[in-house]
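Input: a single structure, listed below in structure tokens.
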Amino acid sequence: MAIPEGPGNMLRGPMKQEHVCLERQPSLYKSLHTFTLQKEKHYQQQYGDMYFLRLTKLKPVVEEIAAEAWDGLYISGEEVEKVDRVLDVRQGKLCWVAGTIYMHMPLKPNILTDIAKDHWISAPLPPTKYLSSSSEDIIMLEDESGRIPLTGSMLDREMLVTGCIVAVMGTENAEGVFEVVDMKVPDLPPQAERWNTSEALVINGTKKAKVEDADEDMDVDKPVPGIRKKLAIISGLGFSGTFSDNSLQINLLTEFLLGEVLDPVTQASVSQISRLIIAGNSIALDEDSISHDTIGNTKKAQKKYGYDASAYNPTPTEHLDNFLATLLPTMPITLIPGFSDPANVSLPQQPIHNAMFPQAKSYGLIPAAKGEEQQPGWLDTVTNPWDGEVEGWKILATGGQNIDDVFKYVEGEDRLGMLEAMCRWRCCAPTAPDTLWSYPFQNDDPFVMMSCPHIFLTGSQPKFDTAAIEGPEGQKVRLIAVPRFSETGELVIVDSETLETEVVRFSVCS
Amino acid sequence: MPRRRSRSSLGPTGTQSTLSFSNSKVHKPTSAKEALSKSTAKFISSPKAEHTLDLGHITSAAAVASQAAIELAKPVKEKSIEELQAEKLTDGQIKKYWKAREAERQAPRVHQAGLGVEEKILRLFDMSSQYGPAIGIARMKRWVRANKLGLAPPIEVLAVLLREEKKGNTGIERAHVDELMSAKFVIGDT
């Protein structure tokens with residue numbers, strides 16, 4: 001029966017407007033297991049092995065760069081010569097040598113202050129920076145043979161921390177201190193092209209059929225041009241059992257990512273987000289459960305099975321589990337642990353166990369059948385630091401502990417400068433194992449970057465910052481410092497074609 | 001009334017016995033055990049006792065022994081080129097290598113009178129810091145690691161290690177400095 005559409009007639013027929021059902025873009029993803037440790041871990045070895053491995057891997061590289069720059073160089077009539085070991089440096093002789101930097105800082109954590117803590121009420125608060133105002137900090141160059149202190153105006157300009165491999169050119173003066181004239185770092189490692197970084201990528205856990213093409217050396221289908229995908233990165237969600245002021249922001253974030261809010265245009269752009277990377281610190285640190293004083297704590301908590309059950313609060317992980325379980329049906333998530341997350345303390349942090357997420361773990365890893373390759377689950381819990389390939393780009397992501405530790409060694413607040421310095425040192429955690437707790441690697445130091453990532457991001461930073469740096473061979477890296485969501489309410493979105501970033505801020509008017 | 005079971009530890013007062021987590025014996029996975037027993041005929045008793053108590057995580061002796069066992073338990077067809085080359089070396093070549101090393105120094109080495117050529121060669125390898133620290137790592141593993149990193153460790157060292165393993169001398173895998181550095185002396189013991 002036709003509905004008369006005259007004026008004043010309130011009755012209307014069914015709408016003929018077709019609604020477009022938006023579908024989220026599939027995510028081409030591969031997680032590399034560079035930082036995964038074996039189940040059986042040994043701790044009897046010393047950390048000297050790690051420094052040896054790092055130096056052995058990077059010394060040839062930095063020596064090549066230094067030889068190119070300084071071989072055959074004459075300074076005031078004297079020729080610069082290469083010296084093999086740090087101890088071979090002769091006084092008054094102009095030479096260059098490669099080694100590891102060691103910074104001697106009295107404000108660094110010291111075992112003596114830990115012992116002092118046992119005798120007094122509480123230890124003094126750890127300093128925000130290890131740099132001391134007076135000239136008590138000594139920068140030294142070290143290798144297997146020995147150490148030599150460095151000096152010179154060059155050191156003030158160049159950012160240096162313990163553990164970075166450099167080549168220095170200069171001479172040893174009468175006090176036995178090496179005066180630095182010039183310094184070289186390994187600079188950015190070689191970078192593979194996009195889509196060429198390794199073998200076939202996997203779409204959301206289902207393996208695509210290999211394209212048999214003799215001409216091309218990549219065996220993955222490139223996405224249809226025109227549909228630009230995006231990558232969402234967030235950090236510092238800070239689910240807490242005691243602090244819930246940001247629960248409305250988290251709710252808005254969830255609705256935004258699900259495409260439930262805002263207008264169809266924004267929803268269409270949200271559907272381009274193919275994956276969410278959570279870069280650390282999803283669970284906030286609970287200060288109350290940590291007892292800070294050892295003496296004077298006369299109230300003995302009832303300990304059953306060796307731990308105090310009353311101090312455990314399951315609500316933060318429940319909130320995180322709910323958050324993940326709400327998002328997982330529509331989008332794959334990569335979960336990187338951070339400093340305050342329930343994972344091990346020392347780097348590289350191993351993936352958060354699936355048992356923490358009773359609802360979300362059904363989206364996790366499905367063990368592969370015999371003969372089939374293991375596909376990553378929709379919820380991929382990964383290590384910290386993590387490297388993987390998303391949409392053909394190689395990503396190196398960390399939870400922020402490495403940058404926070406480097407921050408303590410250098411002056412200034414420029415965290416992006418520290419990220420860039422790490423790329424140029426080719427080491428993503430140079431201060432491990434000195435002040436950053438780490439596993440004592442004996443066979444290989446995975447923190448050394450052998451290939452250059454396209455995106456280097458770090459989570460849990462005080463504010464958002466991004467830059468694009470270039471290397472000597474045309475390498476291009478996008479550096480991203482992801483801010484803490486619990487403080488800033490910001491979500492970072494990276495365009496997967498141009499690697500441009502944009503920020504979406506969620507805030508509640510109060 | 002049912003017979004009361006004897007309590008295993010003095011816990012809080014109550015009829016239920018408590019679980020004790022202090023003396024749990026953790027056993028290493030059987031694959032490492034099998035590898036150990038396969039590759040060594042005679043085995044020193046004290047590392048074996050430490051092995052079942054899994055103290056390899058903190059003391060170096062058991063860890064070094066298990067590292068050596070893993071390195072040597074590789075099946076025959078996986079033998080690397082270097083191992084095949086090392087096995088071809090003769091006694092004379094090894095002695096010639098050592099003579100060349102001794103000729104590099106002007107004065108003879110002290111405190112090495114009672115050692116055989118094999119141990120002398122291995123101690124020189126331990127003290128060569130360009131291959132990394134020698135403590136906390138089995139000599140075979142250190143050689144393999146140095147080879148993989150492209151540092152070109154002398155093939156004679158590998159030959160000596162393989163020969164000693166064939167003889168069943170498992171104590172050879174641990175560097176002498178490792179034993180010195182991890183030696184413990186209890187005050188009051190004579």
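The values are calculated or read from the model by the stated rules, or taken from the named source; none is laboratory data. Predicted model only: the values in this text are computed from it and were never measured. Virtual Cβ from ideal backbone geometry, glycine too; neighbours counted across all protein chains shown. These accessible areas exclude ligands, DNA and RNA; they are computed on the full protein's heavy atoms, side chains included. Shrake-Rupley method; radii C 1.70, N 1.55, O 1.52, S 1.80 Å.
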_With a 1.4 Å probe, what is the total accessible area buried between chains B and A, in Å² rounded to the nearest 100?_
1600
*Evaluate the distance, in nm, between pseudo-label points positioned 7 Å from the Cα of A:E175 and of B:L84 along their respective Cα→Cβ axes.*
5.9
*Amide H neighbours of A:L73 under 5 Å, counting only residues 5+ apart in sequence or on other chains, H built in-plane at 1.01 Å?*
A:V80
*CD proxy at 222 nm, helix term only [per DSSP H run n ≥ 4: -39500 (n - 2.57); per residue of chain A; nearest 500]*: -5000 deg cm²/dmol
*Could you work out, residue by residue across B:135-142, how many beta carbons of other chains sit within 10 Å of that residue's beta carbon, and then give the average as an integer?*
3
_Computed magnitude of the charge dipole of segment B:81-182 (debye, nearest 20; Cβ of K, R +1, Cβ of D, E -1)_ = 160
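Considering every residue in A:137-146, what mean count of other chain Cβ atoms within 10 Å of its Cβ is obtained? Please list the in-between numbers first.
Numbers: counts 0, 0, 0, 0, 0, 0, 2, 6, 2, 1.
Whole-number average of other-chain Cβ neighbours for A:137-146 is 1.
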*asked:* Considering only C-alpha atoms, what is the centroid distance from segment A:1-78 to segment A:431-510, in Å?
replied: 9
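Solvent-accessible area per residue for segment B:81-182 at a 1.4 Å probe radius, Å²? Don't jump to the answer; show the numbers that get you there.
Values: 5400 Å² over 102 residues.
Computed with neighbouring chains in place, this is 53 Å² per residue.
R0 = 35 Å: FRET efficiency of A:R85 with A:S310, Cβ-based, nearest 0.05?
Working: r = 57 Å, r/R0 = 1.64.
Once rounded, the FRET efficiency stands at 0.05.
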_Pair A:I75, A:S507: separation of 7 Å Cα→Cβ label points (nm)_ = 5.1
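Sorted by mean Cβ packing within 10 Å, highest first, what order do the peptides A:276-283, A:419-426, A:110-117, A:445-452 take?
Details: A:276-283: 27.1, A:419-426: 23.2, A:110-117: 10.9, A:445-452: 20.5.
Result, highest mean first: A:276-283, A:419-426, A:445-452, A:110-117.
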*Set the Förster distance to 41 Å, then compute FRET efficiency between A:Q359 and A:R12 from the Cβ-Cβ distance, nearest 0.05.*
0.45
*Restricting to lysine pairs 8 or more places apart or on different chains, what number in segment B:81-182 have Cα atoms under 21 Å apart?*
17
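For A:S247 and A:T330 in one chain, what is 0.36 nm times their gap in residues minus the Cα-Cα distance, to one decimal in nm?
27.8 nm
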*Expressed as a whole percentage, what fraction of the accessible surface of chain A belongs to carbon and sulfur atoms when a 1.4 Å probe is rolled over the protein heavy atoms?*
54
_Run the paramagnetic zone check for B:M127: 7 angstrom along Cα to Cβ, then residues of segment B:150-190 with backbone nitrogen under 13 Å._
B:176-177
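Ignoring any ligand, DNA or RNA, what whole percent of the accessible area of segment B:81-182 comes from carbon and sulfur when the probe is 1.4 angstrom? Show your work: numbers first, answer last.
Details: 3010 of 5400 Å².
C and S atoms contribute 56 percent here.
With a 1.4 Å probe and all protein chains left in place, how much accessible area per residue does segment A:17-157 have, in Å²? Let's see the in-between values first.
Details: 8580 Å² over 141 residues.
I get 61 Å² per residue for this part.
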*For A:S346 and B:R101, FRET efficiency with R0 = 51 Å and r from the beta-carbon atoms, rounded to 0.05?*
0.80
*asked:* Compute the angle between helix A:48-70 and the longest alpha-carbon principal axis of chain A, please, reported from 0 to 90 degrees and rounded to the nearest 10.
replied: 80
*Protein-protein interface of segment A:430-444, residues with accessible area decrease of at least 10 Å², isolated chain reference, 1.4 Å probe*: A:Q442, A:N443
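Could you work out, residue by residue across A:34-45, how many beta carbons of other chains sit within 10 Å of that residue's beta carbon, and then give the average as an integer?
4
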_Straight-line reach from A:K16: which aspartates and glutamates fall under 16 Å, measuring Cα to Cα and dropping same-chain residues less than 8 apart?_
A:E5
